[in-house]
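Any read-out appearing in this document is the output of simple, stated calculations on the displayed coordinates, not a laboratory observation. Bear in mind that the values here come from a model prediction, so they are computed numbers and not experimental data. Cβ atoms come from the backbone with ideal geometry, glycine included; neighbour counts cover every protein chain shown.
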Amino acid sequence: MKRTVLMALLLMLYCGGAIAARFPIPYPTIDAPVEFDRLLKLDGEFDQVLVAYEDETGVGLDKALKQDARSVLIVVGPEGGFEPAEIEALKSVGAASFSLGPRRLRAETAAVTVAAMTLGLLGDLG
């Protein structure tokens, strides 16, 4: 976990620290993976909770992401996808699902894709 955080910080410095200006803390936090039940208790800690769901067809990240949210939790994974009951449990605590398109992505690829898409939608890329 320490290596992941260190790499993220080094990459942000390499990119000119563009991310730091958008967030109230010096950099986005990277937390250790959590058990699914813990996710159901995180809703009150964020302005918005989104979940990338492979069976979502109607809403993309561009429609789901609130531009005025100061803190967003985006849930990605696991390999093989979420069970419908897991999506319903997340929705029951306020999460909204969104689609990454017609292709299935590996969990680590989906996480990077969602991060890049989010930065783009918030105006931090190109």
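If the segment from Arg106 to Asp47 were pulled out straight at 0.36 nm per residue, it would be longer than the present Cα-Cα gap by 18.6 nm.
Sorting the segments 85-94, 62-71, 32-41, 109-118 by their residues' average number of neighbouring beta-carbon atoms within 10 angstrom, most packed first, yields 109-118, 85-94, 62-71, 32-41. On the basis of the beta-carbon distance and an R0 of 30 Å, Asp62 and Arg3 show a calculated FRET efficiency of 0.40. Selection among Leu39, Gly120, Gly58 by position relative to the dipole of segment 33-121 gives Gly120 as farthest towards the positive end (Cβ unit charges, Cα centre). For segment 33-121, what log10 I(q)/I(0) values come out of the Debye formula at q = 0.15, 0.17, 0.19 1/Å, with one point per alpha carbon and no solvent? Per q value, in the given order, log10 I(q)/I(0) is -0.51, -0.67, -0.85.
Taking amide H positions as modeled 1.01 Å from N, with prolines and chain starts lacking one, the residues under 5 Å from Ile74 and 5 or more places away or on another chain are Leu50. Remark: the Arg70-Val34 segment gains 10.8 nm on full extension, using 0.36 nm per residue and subtracting the alpha carbon distance.
Extension gain, Leu121 to Glu88, is 9.3 nm, computed as 0.36 nm per intervening residue step minus the present C-alpha separation.
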